[in-house]
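Asks: Okay, handing you the structure first.
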Amino acid sequence: MEVYSEHPVPSGVARPSRCEGVCGTTYDRGVSWARSLPGPLRRPLSRLVHAAWEGASELGAIGPDDPRGRRFGYMGPGACLLFPPGAVYNEHLVHIGAQTIVGPYASISAGMAPGQDMPTNPVVSVGSRCLIGRGSHIVGHWEIVLGDDIQTGPYVYVTDQNHTYADPVEPIGRQWPTEAPVRIGSGSWLGANAVILPGAQIGEHVVVAAGAVVRGDIPDRCVVAGVPARIVRRWVEGSGWVTEKHMSLP
């Protein structure tokens, strides 16, 4: 029998080639062999796989009372790293505040390898009630401090280290890096794929637009966007929100 029935193919369009599957079934090339399994077999196996993954997600989450959670320098009550985690190194140099949720595949590390000696402690501090989006990276070498009630979209990158480019001949990856502390104020929002570079000092209640690249000082209560990020809107006491072209910054 065939798992996928033949459908009419418009004139001039090549029909997909077929592959031989399990138990005499056939399926379109490019579809996995598992999809060729007879339905009565494939469906319970599918339910089993999804149930196992959901169970692993529940059991694999890291909280303050779990053995992995106790490795952290501090993990507050209700904090949780969802499963599966990304690269998490030198947890004893990482502090995570109460009720902070770190999404799956997110990396929070002090340094680039387990056991690396670091000059400060803590290296990474994340405040309370934060939400760190899926696949984000917070990689500290000197000092990264996130305040309370910060939320990020997915795949945000925060680092306090960058390679220098002093020698035009030596490969950049071999040139000695430099560090500068990073601070992100409480109540801020970082959009998807935002990049926070070494030395960034972001104020409170700041919106960083998706894809923005931030360095330098950003004042409180503003919206920044672009590469490099610039202020496009700012709250001015007595005037409310002021757009970029109407701003007169002090």
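Asks: Which one, ASP66, ASP149, ASP220, has the greatest fluctuation when you compute a Gaussian network model over the chain with C-alpha springs under 10 angstrom?
Replies: ASP66
Asks: On a 0 to 90 degree scale, rounded to 10, what angle separates helix 39-60 from the longest Cα axis of the chain?
Replies: Taking the Cα atoms of the chain, the angle to 39-60 is about 20 degrees.
Asks: With n ≥ 4 as the cut-off for DSSP H runs, can you work out [θ] at 222 nm for the chain, using -39500 (n - 2.57) per run divided by the number of residues, rounded to the nearest 500?
Replies: Working: 1 runs with 22 residues, N = 250.
Computed ellipticity for the chain at 222 nm equals -3000 deg cm²/dmol.
Asks: Not counting the cut sites, what is the longest span of the chain without GluC sites (Glu not before Pro) that DSSP labels loop and that have at most 13 other Cβ atoms within 10 Å? It would help to have the intermediate numbers written out before the result.
Replies: Working: sites that count: GLU2, GLU6, GLU237.
So the longest stretch without any such site is 7-236.
Asks: Expressed as a whole percent, how much of the Cα-Cα distance distribution for the chain exceeds 23 Å?
Replies: Details: 19169 of 31125 pairs.
Here the long-distance tail beyond 23 Å is 62 percent of all Cα pairs in the chain.
Asks: Compute the Kirkwood hydrodynamic radius of the range 28-147, taking the inverse of the mean of 1/r over all pairs of distinct Cα atoms, and give it in Å to one decimal.
Replies: Details: mean 1/r = 0.0630 Å⁻¹.
Value: 15.9 Å, from the Cα pair sum.
Asks: Now, a different point. So if I take the alpha carbon set of the range 139-224, get Rg, then get Rh from the Kirkwood formula, what is the Rg over Rh ratio? List each step's numbers first, then the result.
Replies: Values: Rg = 13.7 Å, Rh = 13.3 Å.
In the range 139-224, Rg relative to Rh is 1.03.
Asks: Using the charge dipole of the chain (Lys, Arg: +1 at Cβ; Asp, Glu: -1 at Cβ; taken about the Cα centre), state which of HIS50, TYR165, ILE184 has its Cα farthest towards the positive end.
Replies: It is HIS50, whose Cα lies furthest towards the positive end.
Asks: Here is a further query. Which of ASP148, ASP217, ASP167 moves most in a GNM of the chain, Cα contacts under 10 Å?
Replies: ASP167
Asks: Then there's this: Dipole magnitude of the chain about its Cα centre, charges +1 at Lys/Arg Cβ and -1 at Asp/Glu Cβ only, in debye to the nearest 20? Working shown, then result.
Replies: Numbers: 20 positive and 22 negative charges, 153 e Å.
Dipole magnitude for the chain comes out near 740 debye.
Laboratory data are not the source of any read-out in this text; all were calculated from the coordinates shown. Please read all numbers here as calculations on a predicted model, not as lab measurements. All Cβ positions, even for glycine, are placed from backbone atoms using ideal geometry, and neighbour counts span all protein chains on display.
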